[in-house]
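The structure under discussion appears below in the form of structure tokens.
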Amino acid sequence: NSKIDNREMLFEKRFAWSKEQSDEFFEKIIDEVVEKSNVMPGAKLVLQMLKNEGNELVVITARGIENPEIIEVSNKAIKKNGLDLFDKYIYRAIDKAEVCKDENIDVMIDDSTDNCKKVSSIGVKTMYFKGAESFELPESKCLKTVYNWGEVYRELGKSEIK
């Protein structure tokens with residue numbers, strides 16, 4: 001009952017929790033959440049089409065920074081859901097913009113406003129995968145808002161995002 005702002009990604013900000021409360025919550029449930037999470041509609045199809053078209057797919061995630069065990073749980077969920085299509089997995093990524101630069105990433109898809117702002121600010125084409133309860137971001141030459149995997153695929157087909 002302490003919800004402040006459902007748009008916030010961090011539970012400390014979303015629910016006015018202390019860092020300790022958030023850590024305790026995640027320690028209790030994160031394995032189960034990752035294991036039972038559903039794949040977004042269209043994700044597997046679009047990722048497979050992109051792979052078949054010859055695109056290199058790279059996962060860049062902060063997972064594993066605070067809880068290294070989550071990497072193995074995530075890898076199991078990826079395999080279980082048939083999403084083991086990626087060429088490279090980069091865990092414990094603190095600065096996704098830096099990783100994008102180092103890895104020569106052409107297009108980044110993320111649901112974090114902060115990551116999208118940083119990545120697009122270095123000239124990497126960025127798609128902000130916006131959820132219903134999330135912040136707005138102004139679009140620019142390097143930043144486009146998308147709401148589903150069909151939009152991701154259509155945007156990738158447009159010359160200005162390639």
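The values are calculated or read from the model by the stated rules, or taken from the named source; none is laboratory data. Predicted model, so just to flag it, every value in this text is computed and none were measured. All accessible areas refer to the heavy atoms of the entire protein, side chains included, with ligands and DNA or RNA removed. Shrake-Rupley method; radii C 1.70, N 1.55, O 1.52, S 1.80 Å.
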Cα gyration tensor category, rounded, prolate or oblate, for the stretch 96-162 with a/c compared to 1.5: oblate
GNM result for the chain, Cα springs below 10 Å: residue of 96, 88, 130 fluctuating most strongly: 88
Listed pairs 51/96; 80/117; 19/141; 44/144 exceeding 30 Å between Cα atoms: 80/117; 19/141
Among 119, 73, 107: highest mean-square fluctuation, GNM of the chain, C-alpha pairs under 10 Å: 73
Within a Gaussian network of the chain (alpha carbon springs, distance under 10 Å), most fluctuating of 114, 102, 23: 102
Accessible surface, per residue, of the chain when the full set of protein chains is kept, probe 1.4 Å, Å²: 64
Protein accessible area in the chain, 1.4 Å probe - carbon and sulfur %: 50
